[in-house]
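Asks: Handing you a structure now.
Please treat every number below as a calculation from the coordinates, not as lab data. Bear in mind the structure is a predicted one, so any value in this text is a computation, not a measurement. Heads up, the Cβs are rebuilt from the backbone with ideal geometry, glycines too, and the neighbour counts pull from every protein chain shown.
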Amino acid sequence: MVNDSIANWLPTRQWTTIWQYARKTILFVSLVGLLAVLVGSPNIEPTTTTLTPAALSESTTEQPTVSEPANAKRPRAISVIRPVGDSGVSGTLHLVKIGDEVEIRGVIEGLTPGEHGFHIHEFGDLSDAKAGKSAGGHFNPTNQQHGRRDAKERHVGDLGNIEADKNGKANISIRDSVIRLDGPNSIIGRSIVIHADADKFTQPAGDAGARVAFGVIGIAGSQ
């Protein structure tokens, strides 16, 4: 009859076979699902990293940044000024690099009151103690015209004038961005020359008169 159970249509043996096949299918599907979960798990998936040429280059060439120690000593120099002839002018000047400038500080005594030309000369040769000519001319490696210290065009050695008080004493404090303690404009090994008169900033060298004192600029010892 049409309403009879479908089970009556099939022999018992065939039902057993179908049930066994279904169990195996369910087990297989379960195993496949479990394997898929395990393979897809981020906890066990192997990780690989591919380095591009740029990344590889950075990893092999990048250098650590080295900062200058807070207590690093600045480059320093010193010039002991001695008289030319019997001028009696003397003193000590200290030079130190501060940023992009060189600072010159010190005291010169024995000068006549008023202004005196103050220059860096080419040679550190003090052998001519009578006239100071052995120091050569102004230090001028770029072959410029003579000028004021703040002029766009000047000798590297053009530092203008210093001024002595009524007692002949000049307290010097100069900062200059052209002279250097290293490189092409280095004044190490050259000389500081002080003149009898003021630098008038005329050509070719300011007409500052005779040389009354000079001193070699040397590297200073530990401070």
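Asks: Note down the net charge around LYS133, summing +1 for each Lys or Arg and -1 for each Asp or Glu among other residues with Cβ under 12 Å from its Cβ. Don't skip to the end; give the middle numbers.
Replies: Working: positive: LYS130, ARG211; negative: GLU122, ASP125, ASP128.
Net charge around LYS133: -1.
Asks: Right, here's the next one. How far apart, in nm, are two points set 7 Å out from the Cα along the Cα-to-Cβ line at ASP182 and at ARG76?
Replies: 1.7 nm
Asks: Along the charge dipole of segment 76-219, pointing to its positive end and built from +1/-1 on Cβ of Lys, Arg, Asp and Glu, which listed residue (GLY110, GLY209, GLY183) has its Cα farthest out?
Replies: So the residue we want is GLY183.
Asks: Continuing with this model, one more query. Contact order normalised by length for segment 140-223, with contacts defined as Cα pairs under 8 Å and 6 or more residues apart; what percent is it?
Replies: Details: 117 pairs, mean separation 20.0, N = 84.
The value is 24 percent.
Asks: Additional query: For segment 76-219, calculate the relative contact order in percent as a whole number, restricting contacts to Cα pairs under 8 Å that are 6 or more residues apart.
Replies: 32 percent
Asks: What is the sum of charges, Lys and Arg at +1 and Asp and Glu at -1, for the other residues whose Cβ falls under 11 Å from the Cβ of GLU115? Intermediate values should be presented prior to the final figure.
Replies: On the way: positive: LYS200; negative: GLU163, ASP197, ASP199.
Once positives and negatives cancel, what remains is -2.
Asks: Please compute the net charge surrounding ALA213, taking Lys and Arg as +1 and Asp and Glu as -1 over other residues with Cβ under 12 Å from its Cβ. Mind showing how you got there, number by number?
Replies: Numbers: positive: ARG82, ARG211; negative: ASP86, GLU109.
Counting the neighbours of ALA213, the net charge comes to 0.
Asks: Another question about this same structure. Between their Cα atoms, which of LYS97/LYS166; LYS97/LYS200; LYS97/LYS133; LYS130/LYS169; LYS133/LYS166; LYS166/LYS200 are more than 25 Å away from each other?
Replies: Values: LYS97/LYS166 31 Å; LYS97/LYS200 28 Å; LYS97/LYS133 28 Å; LYS130/LYS169 22 Å; LYS133/LYS166 28 Å; LYS166/LYS200 21 Å.
From the list (LYS97/LYS166; LYS97/LYS200; LYS97/LYS133; LYS130/LYS169; LYS133/LYS166; LYS166/LYS200), the Cα-Cα distance tops 25 Å for LYS97/LYS166; LYS97/LYS200; LYS97/LYS133; LYS133/LYS166.
Asks: Related question: How far apart, in nanometres, would the label points at PHE123 and GLN203 be if each is projected 7 angstrom from Cα along the Cα-to-Cβ direction?
Replies: Going from the PHE123 label point to the GLN203 one covers 2.6 nm.
Asks: What is the distance, in nm, between label points placed 7 Å from the Cα along the Cα-to-Cβ direction at LYS169 and at VAL107?
Replies: So the label points at LYS169 and VAL107 sit 0.5 nm apart.
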